[in-house]
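Let me begin by presenting the structure, written as structure tokens, before commenting on it.
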Amino acid sequence: MAPPPGGAPPAGRRGRGREVRLRRALPVAALLTACALVFWVRLGSYGIFDLDEGLYVEASREMLLRGDYVTPRVNGAPFFEKPPLVYWAAAASMRLLGTSEAAARVPAALAMTLLCLLTWALGRRLLGPGVGLLGGLFLALCPLSFGAGRQLTMDALLSLWVAAAIACFAMARDAPPRAAARWLDGYWAACALGVLTKGAPGLALPVAVAVICIALRARRGGAPFWQAARRLAAPRGILLFLLIVVPWHVAALAASGDAFVSEYVVRQHIGRFLGGDTSHRAPFWFYVPGFLLGFFPWSLLLPGALLGLRGVARNGADPTRETLELLTVWVAVVFVVFSASGSKLVSYVLPMYAPAALLAAWWVLRPKPARAARRALAAGLGASAVLAAGLWALTAAYRPIIAWAEARLGARIVIDEGTEALVAWAASALLLVALGTGVGCAAALAGRPRAAIGAACVGMAGFLGSAVARGLPVLDAHYLRPLHRAAAAAGEVAMRAEAPLLIDVGSSRRPSALFFLPDALIAAPGRVTETADASAAARWAKGPGARVALVSAPVARGLRARAPAMRPVALCGGFVVLESPGSSGPGAQTPAP
């Protein structure tokens, strides 16, 4: 008998409802579990990296310390390398959670988590739930995503805004006029937030993707190009973009004038694109191996996906055609734009990883002839297994390789303890990837594609989990923490002695040391001096009154030869804290790092 109106639904219907909710929740739970492992576990258990993260974390901390949210500063000097959104986010996180490494990195971890969820949602909406989940997992379980989510840089947040803008554009294309207008408002808001994150790329990448896709649709007989372009560039969207972007730029220009123009506009935008940043200069093919390793092992599935697009292109009735076209354009635009730039880093092309993940997931799950599917998937996973096994063999046999190199060079090659520990970790971690992809290859040949991808995902999860449990602690203990402990000790000495502090750790600047100095030391103008000039350091050390210096061991020897009054009071790893006469209290009272 049917239940009375307003009565409880039948037990069977309630059970089916719970089952549907469970099926919907499981993919999100699986993806969130992967994100928790890759981005959040032990987020603050290692020190701040140099160079970029050290600069961005310190700029965020000083923004919070000084209360100046217009002009980013590092050691009191204006720092217009990037717009302020990441600094605002990290400063807000540190205000809520306290000043720590974990709090500073929350914006990056959160941005990567949201990017993986957005990839899942976009793939689910446009290509099906399986593609969405697998695309989100591919994005989470790759080396570059791991690195971007675990240090404060601009790339994770920029990738999130670029993906959000392109997702809004995709939703607006076939939506009714009022809904399309709202989606396009979201598009321009995301573009604006991208500009406030990393400048011009935040606008250039989404606009280029949208314009190319509009042109391709017009060529196939869709809406005329100029009509669709005018719809994209609606005055309301442009006004929203300007309302978000303009205020900070105007305020920064008013506060700093020519310094803002010369650094932010000329050097960081025009100069970097033209190759003025010589430290990041690389050949045009740089992103081919960079993407291969950064998106490994899924990068070796992408060629199959791109070849699979040819069959879709021949089938004009395929409803996924435009979605795949959009993803392909998205990948191509990011790759070409950053390849054309004179300044290159592996992390710059992170905005292409979300569409690449969805293309690879679509290809894996797309119905294909059984034999072709087995061979194609096995080929991609087999190539990944061979590459991982080769890298494992190099790390496992590095001692014979070093011995061979020493014999060829006729000189001894000294490997420090930290490098040995990292190589030992890499050997065990790469073995997990080789085993996972190797088992996946065998499963693919047996006609079990889901088991094949599952094995590869487990292998990558093991690799990244091993990086959290062993790799990062080794890196921290040998290369990060010694400087940070020495900086904390030097800060205590300088505060006790009421003395200025010099930091000279060699030719490479390491601004992460500033993050571990007392707030009062950083807040006092001119109290901390950074230099890599031996003569300037010696002149500074001979100045009047008490002096404290944080230097590397080689610099300490040279500085004491030029300024014999400086005496060591603390030692941590390869770093020395020196103190000049005139400071209060004997050096024996200096706290050990």
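Each residue of region 533-538 was assigned a 3J(HN,Hα) from its phi angle through the Karplus curve 6.51 cos²θ - 1.76 cosθ + 1.60 (θ = phi - 60°); the sequence is 9, 4, 5, 5, 5, 5 Hz, with glycine and proline shown as x. Other residues within the sphere of radius under 11 Å centred on the Cβ of residue 131, judged by their own Cβ, net out at +3 (K and R +1, D and E -1).
Please give the per residue accessible area of the chain, computed with a probe of 1.4 Å over protein heavy atoms only, in Å².
44 Å²
Straight Cα distances below 18 angstrom link residue 82 to the lysines 198, 344, with same-chain residues fewer than 8 positions distant left out.
Computed on the Cα atoms alone, the convex hull of region 396-489 gives a volume of 107 cubic angstrom per residue. Provide, for q = 0.12, 0.13, 0.23 Å⁻¹, the log10 of I(q)/I(0) from a solvent-free Debye sum over equal Cα point scatterers in region 151-269. Taken in order of the listed q values, log10 I(q)/I(0) reads -0.49, -0.56, -1.27.
How tilted is helix 201-219 with respect to the longest principal axis of the chain? Cα atoms for both, answer in degrees (0 to 90, nearest 10). Roughly 20 degrees, rounded to the nearest 10.
Projecting the Cα atoms of 425, 500, 545 onto the charge dipole of region 411-564 (Cβ charges, centred on the Cα centre) puts 545 farthest toward the positive pole.
Net charge dipole, the chain: roughly 2200 debye, given to the nearest 20, about the Cα centre with Cβ charges of +1 for Lys and Arg and -1 for Asp and Glu.
The value of relative contact order for region 92-187, using C-alpha pairs under 8 Å at least six residues apart, is 25 percent.
Here the dipole of region 445-593 is about 360 debye; that uses its Cα centre as origin and unit charges on the Cβ of Lys and Arg (positive) and Asp and Glu (negative).
Helix 11-35 and the longest principal axis of the C-alpha atoms of the chain enclose an angle of approximately 40°. Does anything in region 67-94 have its amide N under 14 Å from the 7 Å Cα→Cβ label point of residue 254, and if so which residues? So the set is 69-71.
For the chain, the antiparallel share of DSSP beta bridges with both residues in that region comes to about 65%. Between residue 281 and residue 446, the modelled label-to-label distance comes to 5.4 nm, taking each label 7 Å out from Cα in the direction of the beta carbon.
Taking a ≥ b ≥ c as the square roots of the Cα gyration tensor eigenvalues, with a/c under 1.5 meaning rounded and otherwise prolate when a/b beats b/c, else oblate, which class fits the chain?
prolate
Relative contact order of region 41-145, taken over Cα pairs closer than 8 Å and 6 or more residues apart, is 21 percent.
Got a sec? Charge dipole of region 391-517, +1 on Cβ for Lys and Arg, -1 for Asp and Glu; which of 447, 480, 466 is way out at the positive end? After comparing all options, I get 447.
Using a 10 Å cut-off on Cβ atoms, rank the peptides 59-67, 169-177 from the highest mean neighbour count down. Before the final figure, lay out each step's value.
On the way: 59-67: 20.6, 169-177: 16.0.
Listed from highest to lowest mean packing, they are 59-67, 169-177.
Dividing the helix sum by the residues of the chain, where each DSSP H run of 4 or more adds -39500 (n - 2.57), gives a mean residue ellipticity at 222 nm of -21000 deg cm²/dmol. Ordered by solvent-accessible area of protein heavy atoms (1.4 Å probe), largest first, the residues 112, 495 come out as 495, 112.
Helix 85-97 axis versus longest C-alpha principal axis of the chain: approximately 70°, rounded to the nearest ten. Run the numbers on the chain and let me know its relative contact order in percent, using alpha-carbon pairs under 8 Å that are six or more apart. That works out to 14 percent. For region 140-259, a crude dipole built from +1 on the beta carbon of Lys and Arg and -1 on the beta carbon of Asp and Glu, taken about the Cα centre, is about 540 debye to the nearest 20. Amide hydrogen proximity for residue 529: with H placed 1.01 Å from N in the peptide plane, the residues at 5 or more positions away or on another chain lying under 5 Å are 501, 502, 503. Of the solvent-accessible surface of the chain, computed with a 1.4 Å probe over protein heavy atoms with every protein chain present, carbon and sulfur atoms account for 66 percent. Along the axis of the charge dipole computed for the chain (Cβ charges of +1 for Lys and Arg, -1 for Asp and Glu, origin at the Cα centre), the listed residues 64, 343, 207 are led at the positive end by 207. Computed with a 1.4 Å probe on the full set of protein chains, the accessible area for residue 137 sits at about 30 Å². Spin-label model, residue 69 to residue 407: label points 7 Å out along the Cα-to-beta-carbon direction sit 6.5 nm apart.
Count Lys and Arg as plus one, Asp and Glu as minus one, and take only other residues whose Cβ is under 15 Å from that of residue 423; the net charge is then -1. Extension gain for residue 97 to residue 428 (0.36 nm times residue separation, less C-alpha to C-alpha distance): 115.6 nm.
Electrostatic tally near residue 53: other residues with Cβ closer than 14 Å to its Cβ, Lys and Arg +1, Asp and Glu -1, net -1.
The values are calculated or read from the model by the stated rules, or taken from the named source; none is laboratory data. Note that this is a predicted model, so its numbers are computed, not measured. Neighbour counts run over all protein chains shown; Cβ positions are idealised from the backbone, glycine included. The area values use the complete protein model at the heavy-atom level, side chains included, leaving out ligands, DNA and RNA. Shrake-Rupley method; radii C 1.70, N 1.55, O 1.52, S 1.80 Å.
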